[in-house]
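*Asks:* Below you will find the structure I want to go over with you.
Here, each number is a calculation from the coordinates, and none is a lab measurement. Because the structure is a prediction, the values reported are computed rather than measured. Virtual Cβ from ideal backbone geometry, glycine too; neighbours counted across all protein chains shown.
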Amino acid sequence: MVFLLSIWIIVNGFCTNGLGSEPATEQSGDDGNLIRVMSFNIRYGAANDGVNHWTKRKEFLVETIAAFGPDLLGTQETLLEQRDYIQTKLVGYDSFGVGRDDGKEHGEMAAVFYRSARFEKLDGGHFWLSETPDRVGSKGWDAALPRIATWVKLKDLKNADSKPILFLNTHFDHVGKKARVESAHLIRRKTGELGQGCNLVVTGDFNAEVDSEPYAALFADAAGQASSVLDTFRVASPKASGDEGTFSGFKAKQTAGTRIDWIGCSRNWRVRSSTIDRTERDGRTPSDHFPVTAILE
């Protein structure tokens, strides 16, 4: 599957900039054709993480986000307090997200943030990763917990004649194998339904390896139909390496392992770069996941 995707990339002329960091000057305002995207599992603030507790790293986390300067930011494991803190400290962004437990304020969110000066929100909503996606708090298949997806439809004010952007963010279950596969199928269907006439951006912590069934369900051809989204990291770096792990466990040197955090985009984007952000201070990271980024044109 990775081989076929690599061939598709070569034929269609996508840019392959590898793993290097983008220059700090290439921010949103410099080129209206660029969209900077970040996906970040910020680790839920109620966890008993000792020296890595939310209160001890929240400034570092916001500084890490601001250093990349995303136009679109998808977060996972975000509690209400964390969403509001990021909203307050990250100047120039609007946010959208609800708790997975009650569809309001209780439970983890898949909150999204977007630049308020760049985008106008046209629509937005949430669905649960279950057999009954419209039922608030529903737990699907063999999942251990309720899981949610949040989406917004945005008008790009710098490109008034372009299609709207459907930006969808999610977090798959960490236990249920069937739940992850079925969640990937659900996301694929929902992007097709909600994203008609839109450019697509999908972010999330998928708790699955890149050679897994959920990955294939989201990105591979199915029943003769190409997926509507591509894995931006594999587009930028067609050859897999041994240092693509995105779970840090708060340890900066923990680069091996599985790339479980992904950014997908529709085929009409050009992928300028896609990276794993290894920002650290004194050997510690701002979350137990490395954020992942993409710059799309």
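*Asks:* Return the residues of the range 149-187 that are touching a strand residue (DSSP E or B) at 6+ places or on another chain (Cβ under 8 Å) and charged (D, E, K, R); say none if nothing qualifies.
*Replies:* Those that are touching a strand residue (DSSP E or B) at 6+ places or on another chain (Cβ under 8 Å) and charged (D, E, K, R): Lys153, Lys155, Asp156, Lys163.
*Asks:* Restricting to the range 191-217, count the residues that are under 24 Å from Asp156 (Cβ atoms) and crowded, with 24+ Cβ neighbours inside 10 Å.
*Replies:* Looking only at that region, the number is 5.
*Asks:* Would you check if there is a residue in the range 232-246 being surrounded by 21 or more Cβ atoms within 10 Å (Cβ to Cβ), closer than 21 Å to Leu129 by Cα and β-branched (Val, Ile, Thr)?
*Replies:* Looking for residues that are surrounded by 21 or more Cβ atoms within 10 Å (Cβ to Cβ), closer than 21 Å to Leu129 by Cα and β-branched (Val, Ile, Thr), one finds none in the range 232-246, hence no.
*Asks:* Just name the residue that is farthest from Thr258 (Cα to Cα) out of those in the range 185-202 that are assigned to a helix (DSSP H, G or I) and β-branched (Val, Ile, Thr).
*Replies:* Thr191
*Asks:* Considering each residue of the range 227-253, count those that are more than 25 Å from Gly283 (Cα to Cα), polar (S, T, N, Q) and either assigned to a helix (DSSP H, G or I) or in contact (Cβ under 8 Å) with a residue 40 or more places away in the chain (or both), and give that number.
*Replies:* Result for the range 227-253: 3.
*Asks:* With respect to Val229, is the statement that it is β-branched (Val, Ile, Thr), within 17 Å of Ile260 (Cβ to Cβ) and out of contact with any Lys or Arg (no Cβ under 7 Å at 6 or more places or on another chain) true?
*Replies:* Details: β-branched (Val, Ile, Thr): yes; within 17 Å of Ile260 (Cβ to Cβ): yes; out of contact with any Lys or Arg (no Cβ under 7 Å at 6 or more places or on another chain): yes.
Considered against the rule, which asks whether it is β-branched (Val, Ile, Thr), within 17 Å of Ile260 (Cβ to Cβ) and out of contact with any Lys or Arg (no Cβ under 7 Å at 6 or more places or on another chain), Val229 comes out as yes.
*Asks:* From (1) surrounded by fewer than 24 Cβ atoms within 10 Å (Cβ to Cβ); (2) closer than 23 Å to Val271 by Cβ; (3) more than 15 Å from the chain's Cα centre (by Cα), pick out the condition that doesn't hold for Arg188.
*Replies:* Among (1) surrounded by fewer than 24 Cβ atoms within 10 Å (Cβ to Cβ); (2) closer than 23 Å to Val271 by Cβ; (3) more than 15 Å from the chain's Cα centre (by Cα), Arg188 violates only (3).
*Asks:* Yes or no: the range 93-110 includes at least one residue that is among the acidic types (Asp, Glu), touching a residue at least 60 places away in the same chain (Cβ under 8 Å) and farther than 23 Å from Val202 by Cα.
*Replies:* No: the range 93-110 contains no residue that is among the acidic types (Asp, Glu), touching a residue at least 60 places away in the same chain (Cβ under 8 Å) and farther than 23 Å from Val202 by Cα.
*Asks:* Conditions: (1) acidic (Asp, Glu); (2) within 16 Å of the chain's Cα centre (by Cα); (3) more than 19 Å from Arg43 (Cα to Cα). Asp211 meets all but one. Number of the miss?
*Replies:* (2)
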